[in-house]
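The values are calculated or read from the model by the stated rules, or taken from the named source; none is laboratory data. All values derive from a computational prediction rather than experimental measurement. Don't worry about glycine lacking a Cβ; one is built from the backbone with ideal geometry, like all the others, and counts go over all protein chains shown. We work out accessible area using only protein heavy atoms, side chains counted, and drop any ligands, DNA or RNA first. Shrake-Rupley method; radii C 1.70, N 1.55, O 1.52, S 1.80 Å.
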Amino acid sequence: MSGVGASPPVGLGWLSPTLSSILTETVGVALDTAFLSRLLFGVTAVLAVGVLVVLSRPTETWYGAARERLLFGVPWGTLAVIAGLLGVYYGIQGGFDDPANPVVLPFRAWSYFDPIGILSAGFTHSSFGHLTGNLLATLVFGSFAEFVWSHHVDRRTNDLPGRLWTHPVVRALVIFPAVVVAVGLIGTLVALGPIIGFSTVVFAFAGFTLVRYPLATVIASVASGGVSTVFTALRVPEQVAVAETTFSTPWFASIAVQGHAVGLFLGILLGLALLRHRDDPAPSAARIWLGVLLFALSRSLWAVYWFRGNNVYVLYRAGGVALVFVLVAIVTYAVVARDKPLVPRRAVANPETFRAAIASMTSREFGLLVLICGASIIVGPAIAVNFTTAGEEPLPGDPIEIRGYEVTYGEDVPDGQLSAIDIEVAGETTQLNTSGVIVRNTDRHIWTTPITRAELADSGEEQLHLGGLGWRETVTVSREGWAAVGGDTAYRVTLSHDDENRTAFQSPPAESESLLAGNRISIAPADAGFTVEADDGDRVVSEPVPAVNESVRLGEIEIVNDGSRLVATYDETAVRVATRE
């Protein structure tokens, strides 16, 4: 019994149950480290912005400059493009169903014979991280490009086309997004497929601004990385990382460097056209040279590589950097070249023949010609590759068929897409073999190995998402196996879809180096599991691998399964013969 002046009980139980629950939950949220991290992030960000406002009066400088060129100082066209990309990802690619795993395969640019892939590849993405990276880059580079383009113009005209062309709303919400869509489609058509993603247009934004503000574009490139860091800090305030062995491809193998270069060239050509149309003064050669060089190096445009098949890649680092220097020289000359004849003594005022026109070519025209020739060299190989189609040779195993897709597994199989072109250059060839999960759709001209043998061996199980406009199906790919001591691994690959399990591949048996009572012990995959066998040279005894904590006898040898190992015992001798993969 408690008397007058007694202390309340320890904890919150003396309160009403409802109030106690609310206080406990509130205190728990307040002490949550992620919440505190976000709170610290917000406070420091507000403080930093406040210092900027006090010291520089941004409304009079930055925002004032933005309002002179953008409607209300807002890059409406860029925001409209971002909204469109979000709509494609969450609507068409099924991002609402699973944001981390959108439908990707049918939206790559596999071939000119697949219009859906060609039309969609430049605006779809392979993952949520891919999407957010391009959205943040679009926010930075797109806004800068829209600022250069501007919503407001000094000249107004009375005719209808002129009024539309000079109207701020039309320029922001119609013309700018339309040009962006056109660049995305052209970039996909001339990019080395099968690409996916908006990065071609992002590089076009950068090329467009490099022509007018080269060093500011380099700063924008740094700012893009900063915006990405800030966004990630807000979305994932803390991360716990564990040191472990994981499967990964080389970082450069995920970069569509040719597509990026195509986008950069398209942007530079558009920027040059605007510069000449407005008759604006070109930046100095030093600024252009330095800006293009720093941007190209920082954005890995030098990462030229080739795929040799079966997870082998070669990076031509020195050759790639050399190409960057060529790019720098070409762009610098094209931007700063004067409108004067290359050979004044041979120039004529009004050339009437092709030969006279060549002789009268100006430095500016020659620079543009060299720039177009450089772009053509990059585009040329893509045209031939994009005319390929999926090979129709029989696939290994017994494929699962899902609405035109065939899914199976194979090892050292000729690549059915790349091998359609027989080319050998500098010791590299397009006649390559691949290993892993194979997906083919002859109607969509798709032939690919989206999950490699090494990737599946590392994870043990992967989800393969198939689909198209308005539908989505998932195939589960599983690999289980036993690694023989001192030998290879015996494994089996299974495909599962709609309650159907199908064995797609069985490896050869794996023999252990252990020798017990004159017997070699080996393990082999079977349709319903694995078998273990003992071979003494005269006869082979085989039995299914026992269940966990059970055993089987192979003549005088007993095989025990302890869950992660198979142990062979004879008399008083025990040796480990295999480990579960």
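Remarks
- Checked against (1) in contact with a helix residue (DSSP H, G or I) (Cβ under 8 Å, 6 or more places away or on another chain); (2) open to solvent by 50 Å² or more (accessible area, probe 1.4 Å), PRO102 meets all criteria but (2).
- Going through (1) more than 15 Å from VAL328 (Cα to Cα); (2) at pLDDT 85 or above one by one, GLN239 falls short only on (2).
- Region 204-255, residues that are in contact with a strand residue (DSSP E or B) (Cβ under 6 Å, 6 or more places away or on another chain) and either more than 30 Å from THR452 (Cα to Cα) or open to solvent by 40 Å² or more (accessible area, probe 1.4 Å) (or both): PRO250
- Screening VAL324, VAL335, VAL331, VAL314 for residues that are of a type in the set (Val, Ile, Thr), under 30 Å from ILE451 (Cα atoms) and either at pLDDT below 90 or surrounded by 15 or more Cβ atoms within 10 Å (Cβ to Cβ) (or both) leaves exactly one candidate, VAL314.
- The single condition among (1) more than 17 Å from the chain's Cα centre (by Cα); (2) of a type in the set (Val, Ile, Thr); (3) under 28 Å from GLY122 (Cβ atoms); (4) outside any helix (DSSP H, G or I) that VAL292 does not meet is (4).
- Reported count of residues in region 476-495, each being surrounded by 20 or more Cβ atoms within 10 Å (Cβ to Cβ) and closer than 19 Å to THR448 by Cβ, is 4.
- Residue in region 82-91 that is over 21 Å from GLY467 (Cα atoms) and touching a Leu at 6+ places or on another chain (Cβ under 6 Å) present: yes
- Test: residue in region 408-429 that is buried (at least 18 other Cβ atoms within 10 Å of the Cβ), among the hydroxyl-bearing types (Ser, Thr, Tyr) and modelled with pLDDT of 80 or more: yes
- When SER514 is tested against (1) open to solvent by less than 40 Å² (accessible area, probe 1.4 Å); (2) outside any helix (DSSP H, G or I); (3) modelled with pLDDT of 90 or more, exactly one condition is not met: (3).
- When region 561-581 is filtered for residues that are closer than 18 Å to GLY518 by Cα and more than 42 Å from the chain's Cα centre (by Cα), the ones remaining, listed by number, are VAL567, ALA568, THR569, TYR570, ASP571, GLU572, THR573, ALA574, VAL575, ARG576.
- Criterion violated by GLY197 - all others in (1) closer than 30 Å to SER284 by Cα; (2) under 18 Å from the mean Cα position of the chain (by Cα) satisfied: (1)
- Note on region 94-144: residues that are β-branched (Val, Ile, Thr) and on the phi > 0 side of the Ramachandran plot total 0.
- Total residues in region 338-355, condition of a type in the set (Val, Ile, Thr) and loosely packed, with under 10 Cβ neighbours inside 10 Å: 1
- Candidates are the residues of region 496-511 that are in contact with a Gly (Cβ under 9 Å, 6 or more places away or on another chain) and not hydroxyl-bearing (Ser, Thr, Tyr); the one that is most open to solvent (accessible area, probe 1.4 Å) is GLU511.
- Restricting region 356-400 to residues that are among the small types (Gly, Ala, Ser), surrounded by 15 or more Cβ atoms within 10 Å (Cβ to Cβ) and closer than 30 Å to PRO344 by Cβ, the residue that is nearest to the chain's Cα centre (by Cα): ALA375
- Meets criteria (of a type outside the set (A, V, I, L, M, F, W, C), touching a His at 6+ places or on another chain (Cβ under 8 Å) and farther than 20 Å from TYR409 by Cβ) for ARG520: no
- Strands (runs of 3 or more DSSP E) (entirely within region 444-489) containing at least 2 residues that are more than 22 Å from the chain's Cα centre (by Cα): 471-484
- Residue match in region 129-152 (condition: assigned to a loop (DSSP other than H, G, I, E, B), open to solvent by 20 Å² or more (accessible area, probe 1.4 Å) and either in contact with an Asp or Glu (Cβ under 9 Å, 6 or more places away or on another chain) or farther than 26 Å from SER228 by Cβ (or both)): yes
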